[in-house]
Amino acid sequence: MTRDRKKCACLFKLRVSCRINDLWRFSVICGLHNHTLETKLHGHPIACRLSRQEKDVISELSIIKVAPRNILADLKRKKLNIVSNIKQVCNEHYNLKVEKMGLRSEIQHLLKLLGDNQYVSSFRTCEDNVTVRDIFWTHPKSIKMLNAFPTVLVIDSTYKTNKYRFPLLEIIGMTSMDKTYSVGFAFLECEKEDNFTWALGICKTLLVDQNNMPRVIVTDQDTLSVSYKLKCEI
């Protein structure tokens, strides 16, 4: 890494000023360094800038969901003298996501992606009809699997999957061959009975035959009361 002139209190300083007729004046205020000069430019903010070709490579690999660390490894493999680091790759990866979103909010962009990829989704809002409380989505193939094998459901929540700290509810089904499949997913506002009841209610509407309901629901202690209530309704 190159040294930060301000952090090491280096006295070296240059001044560049623009004169008339687009002429520039270059002055050396102090030509002394209090440290040894670096032989490499790794970590230098200007030298680490990505070229247009490198940004195109990041864009292409990001479309196929390649991790930033693997993108950087590919760039270094193609260009041995590259001095960019993982920070520049992550920043470009983030800029591409922001550019793709445009003027849409994150939840609007999520709903657009679900619609573009033919997912079935449902959500509910707060009293202001703007703030989204819970959102559920599933794939049409998952709906077919649910109607073919609705007997056993496994329900559990995963934490710390997003910056909003919303728990991710995952509903898993089981086939007659003891194979699992994804029924649906939901971001919930919190883990209360009302939130679980809403998500399971949406899942219930996916069943074509309302007489062929799940008979075994495996869950943890937090959702035990909700799953018991659902079984009683069945």
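The values are calculated or read from the model by the stated rules, or taken from the named source; none is laboratory data. Because the structure is a prediction, the values reported are computed rather than measured. Positions of Cβ are generated from backbone atoms using ideal geometry, with glycine treated the same way; all protein chains shown enter the neighbour counts. For accessibility, only protein heavy atoms count, side chains too; no ligands or nucleic acids. Shrake-Rupley method; radii C 1.70, N 1.55, O 1.52, S 1.80 Å.
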Task: GNM result for the chain, Cα springs below 10 Å: residue of 169, 32, 75 fluctuating most strongly - done: 32
Open item on the list: What figure, in Å² to the nearest 10, do you get for the accessible area of residue 106 with a 1.4 Å probe and non-protein molecules left out?
Closed with: 80
Task: Leading residue at positive end of dipole, the chain (Cβ point charges), from 153, 115, 67 - done: 67
Task: Cβ-Cβ FRET estimate between residue 13 and residue 60, R0 fixed at 45 Å, reported to 0.05 - done: 0.60
- [ ] Could you check the simple spin-label distance between residue 85 and residue 30, using points 7 Å along Cα→Cβ, in nm with one decimal?
- [x] 2.6
Open item on the list: 7 Å from Cα along Cα→Cβ at both residue 20 and residue 147: what's the point-to-point distance in nm?
Closed with: 8.3
Task: Sum of side-chain charges, residue 182 neighbourhood, beta-carbon under 11 Å (Lys, Arg +1; Asp, Glu -1) - done: 0
Task: C-alpha long axis of helix 224-233 to longest principal axis of the chain, angle in ° - done: 40
- [ ] Could you size up the charge dipole of the chain around its Cα centre, putting +1 on the beta carbon of Lys and Arg and -1 on that of Asp and Glu, and report it in debye to the nearest 20?
- [x] 1760
Task: Point-to-point label distance, residue 76-residue 208, nm (Cα→Cβ direction, 7 Å offset) - done: 5.3
Open item on the list: Using a Gaussian network model on the chain with a 10 Å cutoff between Cα atoms, which of 190, 126, 30 fluctuates the most?
Closed with: 30
Open item on the list: Rounded to whole Å, give me the distance from the Cα center of the stretch 142-199 to that of the stretch 51-117.
Closed with: 29
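Tell me, in nm to one decimal, what length is gained between residue 131 and residue 113 on full extension, where the rule is 0.36 nm per residue of separation less the Cα-Cα distance?
Taking residue 131 through residue 113 to full extension adds about 4.6 nm, to one decimal.
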TODO: For each pair in 13/78; 76/179; 100/160; 87/112, compute the distance between the two Cα atoms and list the pairs where it is over 32 Å.
DONE: 13/78; 76/179
TODO: Could you provide, to the nearest whole Å², the per residue accessible area of the chain with probe 1.4 Å?
DONE: 70
- [ ] Note down the net charge around residue 28, summing +1 for each Lys or Arg and -1 for each Asp or Glu among other residues with Cβ under 13 Å from its Cβ.
- [x] +3
Open item on the list: Can you tell me how the chain classifies by the Cα gyration tensor, rounded, prolate or oblate, using a/c under 1.5 as the rounded cut?
Closed with: prolate
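Given a 1.4 angstrom probe, I'd like the percentage of the accessible area of the chain that is carbon and sulfur, rounded to a whole number. Before the final figure, lay out each step's value.
On the way: 9070 of 16350 Å².
The C+S portion of the solvent-accessible surface of the chain is 55 percent.
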